[in-house]
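The values are calculated or read from the model by the stated rules, or taken from the named source; none is laboratory data. Since the structure is predicted, the reported quantities are computational estimates derived from the model, not experimental observations. We place every Cβ from the backbone using ideal geometry, glycine too, and count neighbours over all the protein chains shown.
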Amino acid sequence: MKEKTIAFHREDVTYTDEHWALLQQLRKEAFSVLEVIAMYNPVVYGSVARGDVHKGSDIDIFVPYVISSYVFELALDCFGIMEKIIAMATPWHLIKAHIVLSNGVTVTFPLVDFKGFEKEFYYFGGAVTVKDIIDDRRVPGVDKRLMLIQPTKTGHTGSEITGREANVAKIVGVPIGLIRERQQVLNRRNKLGRTGVYLYRHLPPDSNIELELKKLADKDTNIKRRYR
């Protein structure tokens, strides 16, 4: 019996000089922050890690440890802290903090221990370390269209992940369960639109993140459940 093949969309993209220049600029900004907090094994994730950036691309850094926000504030104060945010996607998800810097970089770190695929989520879209940036390395990852972006010498190739979940999981280096979970979430978002998050509290630059989280936990049982 002839094996059935699955047709999927594929795109080959060649970067312009302007694209390479933008990628280097964004990575330079990311590196300046990564270098300061390198002892906490931070990564920059998303399009800056993969290479498929555009003028509106965010510079997102993730630290995979629960560490006092005061430690980060001391290290990051030289960049100018514009805003602090406490976020929680749903009543069951990770509680995390975002520190938004004046250079446009956002540093994210957990305020509670990880569960399920919460840590691996930040590697789904591709993530690079300080050394990777020094070595000018780009990595594969899945974008918001559920396209696997794989770097090439001249740009990248993009291909659908549907029907190839196991292979994509190996390429990106994350559990297949996470691939399927993200498919469900992003497909639902495409049908229903973005529905918002359970908690997204903006804080003044001089506020104490842990103290503000405790206040929120005292008033909300869903937050308190993860806060313990």
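Worth pointing out:
- Selected residue (only one of Asp136, Asp77 is at pLDDT 95 or above and among the charged types (D, E, K, R)): Asp136
- Boolean, Ala127 is surrounded by fewer than 20 Cβ atoms within 10 Å (Cβ to Cβ), under 15 Å from the mean Cα position of the chain (by Cα) and hydrophobic (A, V, I, L, M, F, W, C): no
- Top-ranked residue in the range 62-89 [being within 17 Å of the chain's Cα centre (by Cα) and not in a strand (DSSP E or B); ranked as farthest from Ser47 (Cα to Cα)]: Val66
- Exactly one residue among Leu34, Leu94, Leu23, Leu101 is over 25 Å from Pro140 (Cα atoms) and either surrounded by 13 or more Cβ atoms within 10 Å (Cβ to Cβ) or at pLDDT 95 or above (or both), and that residue is Leu101.
- Taking the range 121-138 as the range and being farther than 18 Å from Val63 by Cβ and of a type in the set (A, V, I, L, M) as the test, only Ile134 passes.
- Exactly one residue among Leu186, Leu213 is surrounded by 13 or more Cβ atoms within 10 Å (Cβ to Cβ), out of contact with any strand residue (DSSP E or B) (no Cβ under 8 Å at 6 or more places or on another chain) and part of a helix (DSSP H, G or I), and that residue is Leu186.
- The single condition among (1) surrounded by 18 or more Cβ atoms within 10 Å (Cβ to Cβ); (2) among the aliphatic types (A, V, I, L, M); (3) out of contact with any helix residue (DSSP H, G or I) (no Cβ under 6 Å at 6 or more places or on another chain); (4) within 20 Å of Leu211 (Cβ to Cβ) that Val43 does not satisfy is (4).
- Residue within the range 193-200 that is under 20 Å from Ser69 (Cα atoms), surrounded by 13 or more Cβ atoms within 10 Å (Cβ to Cβ) and modelled with pLDDT of 90 or more present: yes
- Pair list, Cβ < 6 Å and 6+ apart or interchain, from the range 67-78 residues that are free of Cβ contacts under 8 Å to residues at least 60 places away in the same chain to residues that are assigned to a helix (DSSP H, G or I): Ala75/Val36
- The range 132-165, subset part of a strand (DSSP E or B) and of a type in the set (Gly, Ala, Ser), residue surrounded by the most Cβ atoms within 10 Å (Cβ to Cβ): Gly141
- Flag if Val168 is of a type outside the set (Gly, Ala, Ser), in contact with a strand residue (DSSP E or B) (Cβ under 9 Å, 6 or more places away or on another chain) and part of a loop (DSSP other than H, G, I, E, B): no
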